[in-house]
1. Right, Pro287: assigned by TED's automatic domain parsing to the domain that holds Val66, closer than 19 Å to Gly71 by Cα and away from ligand 2 (no atom under 16 Å from the Cβ) or not?
2. Does Thr284 satisfy the criteria of being in contact with a Leu (Cβ under 8 Å, 6 or more places away or on another chain) and more than 28 Å from Thr168 (Cα to Cα)?
3. Restricting to the stretch 164-184, and then to whatever is hydroxyl-bearing (Ser, Thr, Tyr) and either surrounded by 10 or more Cβ atoms within 10 Å (Cβ to Cβ) or in a strand (DSSP E or B) (or both), can you tell me which residue is farthest from ligand 1 (Cβ to nearest atom)?
4. May I ask you to verify whether Thr151 is crowded, with 17+ Cβ neighbours inside 10 Å and under 27 Å from His74 (Cα atoms)?
5. When you go through Gly57, Gly148, Gly71 one by one, which is the residue that is touching a Lys or Arg at 6+ places or on another chain (Cβ under 9 Å) and within 16 Å of ligand 1 (Cβ to nearest atom)?
6. So Asp113 fits all but one of (1) buried (at least 18 other Cβ atoms within 10 Å of the Cβ); (2) at positive phi; what number is the exception?
7. Only one residue in Val276, Val289, Val306, Val272 is closer than 20 Å to Ala220 by Cα and either within 16 Å of ligand 1 (Cβ to nearest atom) or at pLDDT below 95 (or both), so which one is that?
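The values are calculated or read from the model by the stated rules, or taken from the named source; none is laboratory data. Since the structure is predicted, the reported quantities are computational estimates derived from the model, not experimental observations. So basically every Cβ, Gly included, is an ideal-geometry build from the backbone, and we count neighbours across all protein chains shown.
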Amino acid sequence: MAGAIAYISKDTDGLHWQKILEPALGPIDFRTLRGGLGNKDDIEIALAWKPDQGVLGSFKNLKMVVSLGMGVDHLFADNRVPPGVAVTRIMDDGLIGQMSEYAIYWALRHHRDIDRYAASQKARSWKVEPFKDTIHRRIGIMGLGTIGQDTAAKFAALGFPTAGWSRTAKTLPGIETFHGPDGLAAFLARTDILVAVLPLTRETQGILNAKAFAALPTGAYLINMARGAHVVDADLLAALESGHLSGAALDVFNTEPLPADHPYWTHPKVYVTPHVAGSTNPRTAAPGVIENIKRLRAGQPLINTVDPKAGY
Ligand code: NDP
Ligand code: OXD
């Protein structure tokens, strides 16, 4: 039998992955954190989500790590992946669709003044809010990768003027594009609803700070579905208090779970969800994982690879 596949996550027992992989790969030597890893020298592939420091490094014959989330920052923190081991990530159309839904839900809720109408309903008040034409609500997607491009295309299809910002230059149908540090201020200046969907890297940590918020137009709204560490919390709270930002929908936080005493929990302009914008669905994520296991074993080039130098 080929080398073992280890499920390295504390979230679940991982046996659902074994059930999904076995019909495609035949009998596999599947190990899990909960069930015991046995002789670690047998482990060739790790399916990992937030591995503890040193765990992956203890697998001497590890050849490939598969991130069980689309984000890979959990693997690069403190060099958790030993040098020379291939890093790939799940590519999950189901998850991508959920992320776009999340952004569109909060954007529409803000755009259509649903909170004000809910307050009016409570007061039995038939009050019509000022009309804002869709073509005047500018959406800005920060990060034009797999998720950002899907989200941008869907906003554009709804008729919102949509722009995106990425590291390298891009041309995308129906989307205004900006890139690099030099393009950031202009991108923010034309953005009424900012959707953050960047990877967390050295360059993007703390990028949603006082300077970035000041560059947004007054009344702008933030949707952060990327990583909490993109946000300088004190700066966001200050921008909300001052009224410069009108609100924020936050799925991710500097500390997760969000501490019980954190001001976001009770802030009248903040919505909190517990890192659920997109959940990995093994049914939709498995085909890419299976393909990569077959490719690794056949000595073929892998797909959905991650560049450890860039960190995404
Ligand atoms: P990708 O790696 O496909 O794309 C990343 C995008 O960010 C690219 O467009 C890239 O630019 C851009 N980018 C990276 N660094 C910079 C930089 N320094 N300046 C400007 N742009 C930059 O990522 P995905 O779309 O797959 O995912 C994005 C993130 O979403 C994940 O890393 C994860 O953190 C988060 N996520 C959150 C989930 C949740 O439930 N809340 C679920 C899934 C993902 P370029 O195109 O030029 O390379
Ligand atoms: C992911 C996540 O990266 O769940 O997939 O955050």
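1. So Pro287 fits the description; yes.
2. yes
3. Only one residue tops the list, namely Thr177.
4. Considered against the rule, which asks whether it is crowded, with 17+ Cβ neighbours inside 10 Å and under 27 Å from His74 (Cα atoms), Thr151 comes out as yes.
5. Gly71
6. It is condition (1) that Asp113 fails.
7. Val272
Every residue, every condition in (1) of a type in the set (D, E, K, R); (2) closer than 23 Å to Leu68 by Cα, yes or no:
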residue	(1), (2)
Glu256	yes, yes
Ala260	no, no
His267	no, no
Val272	no, no
Thr280	no, yes
